[in-house]
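Notes for the one structure printed next.
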Amino acid sequence: MARTLFPRLRGNSRGCLAFEPFFLIPYSMMATYATLYMYELGVTETNIGWITTLGLIVQVLSSFMSGYLTDRMGRKRAILIFDVLSWSVAMLIFAFSQNVWFFVIATFINGLQRVPHVAFYCLIVEDTPKKDRTYVFTLLQIIGVIGGLFAPLGGLLVDYYGLVDGTRIMYVLCSVLMTFQFIGRHLTTKETEMGYRKMKETKELGLKKSLIDYSGAIRDLFASRSLMLIFVVYILFNFQMTLKTTYLSLYLADFLKVDSGLISLVPAVSSIIMLLALWFIMPKIPAEGETRSMMAGFALSMLSNVMLVLWPTSNLAWIGLSTVLAAVGLMISSPYLEAAVQNAIDDEKRAKVFSMLSVVILLLTSPAGIVGGWAYALDPRIPIWIITASFAAAFVFLMIYLNRGRGKAHL
């Protein structure tokens, strides 16, 4: 099916994307209510921040080991084992949580997700030509968008069963459908040539020498100013995503007093707008205009957040307009940013460099949960302002990156 509809998809990218909806659909239903679920079960705003930060700290540790584990175990084996552990098992613990300690345990296990995260990017990228990688990441974004269309089903469950029981059902669905995805992807993909080579090299080197070899990966992160600029943009983008995922739903429900059932319409509206942007806007963006497209996307994202804090209201039309701007901004920036980052990394060093980049990202985003919790307790609008500032900084660095590219072109 994927071969017929998307002829440019070949090899592992086809196998990876074909089963991705079974992850993103239940995840989009659950993610909208994850923070509200904790809040309803008695977890305070500050403790939500601490739990978020704990998850990020565990992700830092698993990121540090992810490159070695991906190379040592192979892409396919690493992604299967750690996906089942960090997602299937963690979702079940979330589903039956009774107090803050259940969330702590589940978040700790879920923090191991960085191992399959790195393995997934290696699996989907390594046998895909550079010219097709933006296409692959665009399709990945589309699948996420389509997943968002199912978010209102979460709202129906919450309306019918209540916030706590409805969210519990969503977590169980996540565990079941995600497990199906992991097995299906494992059966329809193959280990990459680079994966086989790295398995052999890592086995011969041993754990100690392999970890020492990671110092070279850290040097590679700082080897080029252009690479550093695009990596800084990526770090800022991930920072704001951490805050937005954790606090936007809470801001809408707790501060703007939007009905909990209606909050699920936000990702659904986003999905529809992103599909329209994909259809009408992205085909008109030339290859040489990808950096400008990212800048425009970040500008729209800034505006969407400013709307929510300068004129805070529960008016659905106003919130809908903000959602539309955020959706268009994300669609015309995220796929290009993902492709730019992956194209900047040498295939030979991908697992190591990307794992170290993940460590840097997580070290810098780990305080986001605590800062967001404290900031929200002071004023619920502050986390949204921080998100806006992150986009503004990313815009500036992209402008420097674009001007630097122009300077090199004239040499």
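Remarks
- Residue match in segment 83-91 (condition: open to solvent by less than 50 Å² (accessible area, probe 1.4 Å), among the acidic types (Asp, Glu) and modelled with pLDDT of 90 or more): yes
- Residues in segment 132-141 that are surrounded by 19 or more Cβ atoms within 10 Å (Cβ to Cβ) and farther than 14 Å from residue 16 by Cα: 134 alone.
- Taking helices (runs of 4 or more DSSP H) as the structural unit, those lying wholly within segment 257-322 and holding at least 2 residues that are under 20 Å from residue 233 (Cβ atoms) and among the small types (Gly, Ala, Ser) correspond to 290-310.
- Residue identified as closer than 20 Å to residue 12 by Cβ and assigned to a helix (DSSP H, G or I) among 81, 109, 93, 105: 81
- Elements of the type helices (runs of 4 or more DSSP H) sitting completely within segment 1-67 and holding at least 1 residues that are farther than 23 Å from residue 171 by Cα and at pLDDT 85 or above: these cover 12-19.
- Whichever residue in segment 158-182 is aliphatic (A, V, I, L, M) and over 26 Å from residue 85 (Cβ atoms) and, among such residues, is surrounded by the most Cβ atoms within 10 Å (Cβ to Cβ): 158
The values are calculated or read from the model by the stated rules, or taken from the named source; none is laboratory data. Predicted, not measured: the structure shown is a model, and the values here were computed from it. Note that each Cβ is placed from the backbone with ideal geometry, even for glycine, and that neighbours are counted across all protein chains shown. All accessible areas refer to the heavy atoms of the entire protein, side chains included, with ligands and DNA or RNA removed. Shrake-Rupley method; radii C 1.70, N 1.55, O 1.52, S 1.80 Å.
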